[in-house]
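What follows is calculated from the coordinates using simple rules that are stated; it is not laboratory data. This is a predicted model, so every value here is computed, not measured. Cβ atoms come from the backbone with ideal geometry, glycine included; neighbour counts cover every protein chain shown.
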Amino acid sequence: MRPTNVQKLCTTRVSIIFIGFLLLYSLVLVKLFNTQVINRNYWKKVAFKQHFGESEIPSKRGDILASDYSILAASSTTYDLYLDPYTFKGTFDDLKKIFDYLYKNTNTQLKRKNDDKEVNDKEVDLDVYKAYISQKEAQWRDAINDKEMRFKYLQKGLDENQKSYIESLKIPSLHFNAVGSRSYSSDSIYSHILGFVGKNEDGDNVGYFGIEGFYNGDLSGVSGSLKQERSALGSPIIYAGFDSVKKLDGSTVVTTIDRAVQTIVYNELSKAVKDFGAKSGVVIVVNPKTGAIISMVNYPTYNPNRFGEYYNDNPDIFVNNAISSTYEPGSVIKALTMSSAIDLGIVTPNTTVLDTGPVEYSGHLVDNWDKKHHGEITMTQVLQLSDNVGASMVGSKVGSKKLYEYFQKFGIGDKLGVDLEGEEAGEFRNYKDWSDIDLAAASFGQGFSATPLQVLMAFSAIENDGILIRPHIVKEIIFNGQTVSYEPKEVDRVISSKTSKTMVKMLTKAVSGGEAKYFVSKGYNVAGKTGTAQIAENGEYLPDKTNATFVGFLPNYDEFVMLVKLERPSSSIYASETAVPLWMTIAEKLANYYGLPPDKYE
């Protein structure tokens, strides 16, 4: 064997080790360069977060008020008390004063929930009470001893006074989480107007539906923050620097809703839906001069304080049918068809048409709802009798283009811009796609869809001298001491003042001499129109299922225009026997509330 060159071998090994250390040193230099130069800003932020703790200062969600400034929805703050066991150096005895304050020195009662009401039980059994206290004490002791944790809840839902007392004891390692909660007055009466506040996918509080959804940005406000230097253990350094961003509480939203009217409407509608065996019902009351929505009620309804309980059973319960559900309105639309014809000078109230039987359009027969035919009748009688044959003839005289344009000006086929989340526009095909039967059907309210609010506002324009006003439900927004008031917005002059006055007279006669005359108010003149519309399913109209609507107003007073709609009433399919009696009952109570003297003497 050849002798080993020891010196050469040692030199080689030393060189390898040197190169290895050189590479390692180079890697360290590269890493330092990357950290201190290339990613300098990133690591500065990481260091800042380690040295400084940032706490959110939640803003208070703004209140929602009725028109009289009483609270409909309000936010309150409760506090969750928690312990940092890792930094807490004491024992249970150091917290016993707080424990006794929360559980022993107050008139603590165990309570149970019954439906929506909180009910106090009889005096709690002493043994049960002692067991409850023992259980809470064991929870506190376990929290104190769990030294690997930085966060353990001791008690949730404390009020401001309880928080202040605990803070006054100045016990280290005790902290609070502020928790905002939303509460709604009157349980279910205002639910579809208000909506509710829930969590989004990021866990933030967000308004859903109604005013909560539409005005979420105004109501939410802007949270503040507090940045403060902390020690290695995470405790604030008292004399170190800090930076704060002031919170901005949410705006207060004042609605146009009259609480008294809303209560009257809710009570009568809920009763009528049950009495008439309807699937659902909607009532809307609006001031035609300002567009202010005085009342809006859906039934069935839900309790926004417990909205989560309804979601799995029937999530559709949250939909506001007054603005979000569309339907074929039926014969109420004859008032719009007639307004168009009169405004164009095509007919007068005394113009006659001949109704001797069904009329064919595009291979389809148009017949009257009761299959009866009345010979020569005037335009006023077309409305009184709710005559489909006569209405289709009037529509044919107006023509597709003009009828379409007038309906659009009345607000059909487009969103009205009401300040509630979830408004739908309905379906209203362009007149260029209409056949003769489409024109005929549109003339008496079939073949297109609209929301109850659209139908109501069309009648509001007839009452309001021919001018359509944009509907709204908020009259003021108050932010930081400043008040912004809503000013009524004119959408369009739909018909002339003369046509408006003519139509008011015709609609008054339509009620007094029409199919619903036996249910009409004995004390007040009423102008309006019924609508009994068949419901379409799978491309066919159901013979025994209808939507019953009545829209009207008191022609000698300007206080309100009101729509009543009942979906699928089972006691009678006719609006004259369901929607009309309900409308008259509510209207007479509203007249009494507004102090309107009777104007009808027979």
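In this simple spin-label model, placing a label point 7 Å from the Cα along the Cα-to-Cβ direction at both Ser26 and Asn177 gives a separation of 5.2 nm.
How big is the Rg/Rh ratio for the stretch 496-539, C-alpha atoms only, Rh by Kirkwood, two decimals? The Rg/Rh ratio comes out at 1.16.
In summary, the helical segments of the chain meeting the span-like criteria, namely a full DSSP H run, a Cα extent along the axis of 27 angstrom or more and a mean Kyte-Doolittle hydropathy of at least -1.0, are 6-33, 126-145. Full extension of the chain segment joining Leu169 with Gln139 gains 8.7 nm, where the gain is 0.36 nm per residue of separation less the Cα-Cα distance. Note on the chain: Kirkwood hydrodynamic radius from all Cα pairs is 29.3 Å, rounded to one decimal. Entry note, the stretch 263-370: relative contact order of 15 percent, from Cα contacts under 8 Å with a spacing of 6+ residues. Taking other C-beta atoms within 10 angstrom as a stand-in for reagent exposure, Ser251, Ser386 fall in the order Ser251, Ser386, fewest first. Can you put Ser576, Ser26 in order of Cβ neighbours within 10 angstrom, beginning with the fewest? By the 10 Å Cβ count, ascending: Ser26, Ser576. Taking other C-beta atoms within 10 Å as the exposure proxy, His472, His374 rank His374, His472 from fewest upward. Above 17 angstrom, tally the Cα pairs of the stretch 433-547 and express them as a % of all pairs, no decimals. Cα-Cα pairs of the stretch 433-547 separated by over 17 Å account for 71 percent. Rounded to two decimals, the Cα-based Rg/Rh of the stretch 299-420, with Kirkwood Rh, is 1.14.
In straight-distance terms, cross-link reach from Lys104 covers every one of the lysines whose alpha-carbon lies under 30 Å from its own, apart from those fewer than eight places away in the same chain; here that gives Lys89, Lys96, Lys113, Lys117, Lys122, Lys130, Lys136, Lys147, Lys152, Lys156, Lys163, Lys170. Dimensions of the stretch 259-594 along the principal axes, based on C-alpha atoms and rounded to the nearest Å, stand at 63, 44, 41, largest first.
Between Lys415 and Tyr86, the modelled label-to-label distance comes to 4.8 nm, taking each label 7 Å out from Cα in the direction of the beta carbon. In a fully extended conformation the segment linking Asp159 and Arg13 would gain 45.1 nm over its present Cα-Cα distance, using 0.36 nm per residue. Considering the stretch 286-354, its Cα convex hull presents a mean projected area of 8.1 nm². Between Tyr132 and Ser570, full extension at 0.36 nm per residue minus the direct alpha carbon distance yields a gain of 152.4 nm. The residues neighbouring Phe560, those whose beta-carbon lies less than 12 Å from its own, together hold a net charge of -2 under the Lys/Arg +1, Asp/Glu -1 convention.
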